[in-house]
2 protein chains.
Amino acid sequence: MSHLGVGVSPGNVPVYHGSNLKMVDRRVRLAELVLRCVICGLGVLAAVLVGFDTQVKEIFSIQKKAKFTDMKALVFLVIANGLAAAYSLAQGLRCTVSMVRGSVLLNKPLAWAIFSADQVMTYVTLAAVAAAAQSAVFSKFGEPELQWMKICNLYEKFCNQVGEGIASAVIVSLSMVVLSGISAFSLFRLYGGNKGKSSASW
Amino acid sequence: MSHLGVGVSPGNVPVYHGSNLKMVDRRVRLAELVLRCVICGLGVLAAVLVGFDTQVKEIFSIQKKAKFTDMKALVFLVIANGLAAAYSLAQGLRCTVSMVRGSVLLNKPLAWAIFSADQVMTYVTLAAVAAAAQSAVFSKFGEPELQWMKICNLYEKFCNQVGEGIASAVIVSLSMVVLSGISAFSLFRLYGGNKGKSSASW
């Protein structure tokens with residue numbers, strides 16, 4: 001058994017002593033940390049760009065103010081990106097601590113929790129981007145068949161800033177997609193190691 | 001080595017002899033097959049419900065016809081669900097063949113291909129649902145701040161049928177989410193088995 005470098009603890013958590021596993025884990029952890037930082041930064045940027053975007057226009061002596069709460073999809077985008085940033089900050093700290101300690105993630109419940117949370121965040125940020133992008137398309141080009149007029153020629157500065165926010169949110173959701181792949185790897189590789197050993201027991 | 005029930009073939013494909021692996025694999029494969037069938041059926045249903053939905057209204061003696069091509073998000077929804085159905089049919093056949101043969105998926109490149117394709121299909125169907133749902137909300141409730149009027153009181157039958165299509169597409173995308181979890185499991189468990197063995201070699 002020892003030449004395999006693999007032992008099985010009394011619980012369901014296998015204990016690996018292989019140095020290559022630590023090396024792979026360190027690389028994966030580093031990629032994860034970089035992505036979490038990117039998401040945290042760009043998530044805040046997207047939320048701020050959209051959330052603090054306002055423009056006042058005077059139409060026939062009536063002052064109209066455009067703000068992100070006029071469109072539910074933008075509210076969803078701000079909330080989703082704020083959540084993603086806060087979540088990534090917390091996960092980034094966990095990541096840094098375990099990198100400093102040099103520990104390897106072999107705890108199945110923790111790996112399941114990280115995997116599930118990453119999945120949920122990925123789908124939420126992606127859905128927010130898709131809904132916001134759809135609203136942006138309506139605002140930019142209108143929908144002539146339904147007599148929905150385009151409003152971006154009226155609120156040009158507002159629309160441009162929302163566009164920048166959406167671009168930032170797109171990068172956030174793509175980073176989340178890669179991250180959820182990484183956390184799937186971190187979780188499911190735990191299910192390969194001790195499969196063969198217990199082949200007769202269940 | 002033999003007491004572990006695990007051998008390593010000359011290539012990078014580990015060969016497992018454990019009967020429990022086959023049992024787990026059979027259950028996973030069965031769940032996969034059921035989900036693929038659900039996606040295939042509901043994907044076709046969603047595409048047909050939205051794609052063949054039309055309603056003619058006479059407004060001030062002018063005939064207006066509502067159809068799904070009036071809204072880009074619905075076109076995207078029809079294409080995405082059609083694709084998901086065709087893809088699931090193909091994957092379902094592969095699944096059935098390997099269940100009949102009783103073979104276990106241990107081929108890494110194939111597992112990577114299935115994982116990647118499942119991920120892409122999941123994100124595409126989810127984005128399509130989010131965009132279509134956003135458009136449906138605008139159609140149902142309008143957006144008073146932007147003077148976009150609701151159109152569902154005009155085309156009630158059309159809107160209801162689109163709503164049924166979107167509900168069907170929501171189930172499709174949730175099934176795809178579970179499926180992409182399954183294919184992640186099928187792929188990444190291959191990366192746990194022979195980690196320890198080569199600990200000294202790299």
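The values are calculated or read from the model by the stated rules, or taken from the named source; none is laboratory data. Treat the numbers as computed from the prediction; the structure is a model and nothing was measured. Don't worry about glycine lacking a Cβ; one is built from the backbone with ideal geometry, like all the others, and counts go over all protein chains shown. In case anyone asks, the SASA skips ligands and DNA or RNA and just uses the protein heavy atoms, side chains included. Shrake-Rupley method; radii C 1.70, N 1.55, O 1.52, S 1.80 Å.
Here are some pairs, A:K72/B:K67; A:K57/B:K157; A:K65/B:K65; A:K67/B:K72; A:K65/B:K57; A:K150/B:K65; which of them have Cα atoms lying more than 31 Å apart in this structure? Result: A:K57/B:K157; A:K65/B:K65; A:K65/B:K57 exceed 31 Å. Seen from every direction in turn and averaged, the convex hull around the alpha carbons of segment B:18-191 projects onto 11.5 nm².
Here each label is just a point 7 Å from Cα along the line to Cβ, and for A:I79 and A:K57 those points are 2.7 nm apart. Averaged over the residues of A:146-153, the number of partner chain Cβ atoms lying within 10 Å of the residue Cβ comes to 4.
Take each residue of peptide A:135-144, count the partner chain Cβ atoms within 10 Å of its Cβ, and average: the result is 4. Restricting the trypsin sites (Lys or Arg not before Pro) of segment B:84-152 to loop positions (DSSP other than H, G, I, E, B) with no more than 16 neighbouring Cβ atoms within 10 Å leaves B:K150. Run the paramagnetic zone check for B:A167: 7 angstrom along Cα to Cβ, then residues of segment B:67-91 with backbone nitrogen under 20 Å. Within reach of a label on B:A167, which here means backbone N under 20 Å from a point 7 Å along Cα→Cβ, segment B:67-91 contributes B:68, B:74, B:77-78, B:81-82. Placing a pseudo-label 7 Å from each Cα along the Cα-to-Cβ vector at A:K67 and B:K64 gives an inter-label distance of 3.2 nm.
Pop the C-beta distance of B:Q147 and A:A86 into the FRET formula with R0 = 30 Å and round what comes out to the nearest 0.05. For B:Q147 and A:A86, the calculated efficiency is 0.25.
Only protein heavy atoms count here, probed at 1.4 Å, and on that basis chains B and A bury about 4600 Å² of accessible area in total.
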